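K.L.:
Can you keep this structure in mind? I'll have questions shortly.
Nothing in this text is a laboratory measurement; each read-out follows from the coordinates by a stated rule. As the structure is a computational prediction, the values presented were derived from the model and not from experiment. With ideal geometry, Cβ positions are generated from the backbone for all residues, glycine too; neighbour counts draw on all protein chains shown.
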Amino acid sequence: MAVTLTDRAADHVQRYLERRGKGIGLRLGVKTTGCSGMAYKLEFADEAQDGDVQFESHGVRVLVDPKSLAYLDGTELDFVREGLNEGFKFLNPNEKDRCGCGESFNV
């Protein structure tokens with residue numbers, strides 16, 4: 001049971017942290033919002049918080065708060081380019097449905 005990154009996502013995070021000049025990894029979570037109930041949160045972490053569950057994936061530290069882990073367990077984070085757009089994509093086996101705009105999901 002873990003949260004992982006693809007090679008592409010890990011490379012992107014490592015490059016960004018190097019340019020930024022600080023940070024220990026990537027923080028993932030969920031928040032209540034949107035038409036389907038929950039949305040993903042993603043930010044660069046400068047320090048671990050009390051209770052964080054930590055994973056290592058392709059040399060990148062991934063931090064998840066315990067409440068979010070129930071929804072994110074087994075998730076793989078990818079970095080994709082589609083046409084002129086690029087960004088992170090959550091591949092979450094717990095997702096049951098996603099709203100039409102793609103901003104929120106439910107489990």
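K.L.:
Order 65-77, 40-52 from most to least packed using the mean count of other Cβ atoms within 10 Å. Intermediate values should be presented prior to the final figure.
P.N.:
Working: 65-77: 17.1, 40-52: 12.8.
Going by the mean number of other Cβ atoms within 10 Å, highest first, we get 65-77, 40-52.
K.L.:
Would you mind computing, in nm to one decimal, how far apart the modelled labels at T33 and L91 are, each placed 7 Å from Cα along Cα→Cβ?
P.N.:
2.5 nm
K.L.:
Helix-derived [θ] at 222 nm for the chain: sum -39500 (n - 2.57) over DSSP H runs of at least 4, divide by residue count, nearest 500? It would help to have the intermediate numbers written out before the result.
P.N.:
Details: 2 runs with 21 residues, N = 107.
So the helix-based figure for the chain works out to -6000 deg cm²/dmol.
K.L.:
Could you check the spin-label model distance between D7 and F44? Points 7 Å from the Cα along Cα→Cβ, value in nm.
P.N.:
Between D7 and F44, the simple spin-label model gives 2.4 nm.
K.L.:
If packing is taken as the average count of other Cβ atoms within 10 Å, what order do 2-8, 55-61 fall into, highest mean first?
P.N.:
Details: 2-8: 18.3, 55-61: 16.3.
Top to bottom by mean Cβ count within 10 Å: 2-8, 55-61.
K.L.:
Next up: To the nearest 0.05, how large is the calculated FRET efficiency for R81 and Q54 if R₀ is 30 Å and r is the Cβ-Cβ distance?
P.N.:
0.60
K.L.:
Next question, about the same structure. Let me know the number of lysine pairs in the chain closer than 23 Å at the Cα, not counting same-chain pairs under 8 apart.
P.N.:
10
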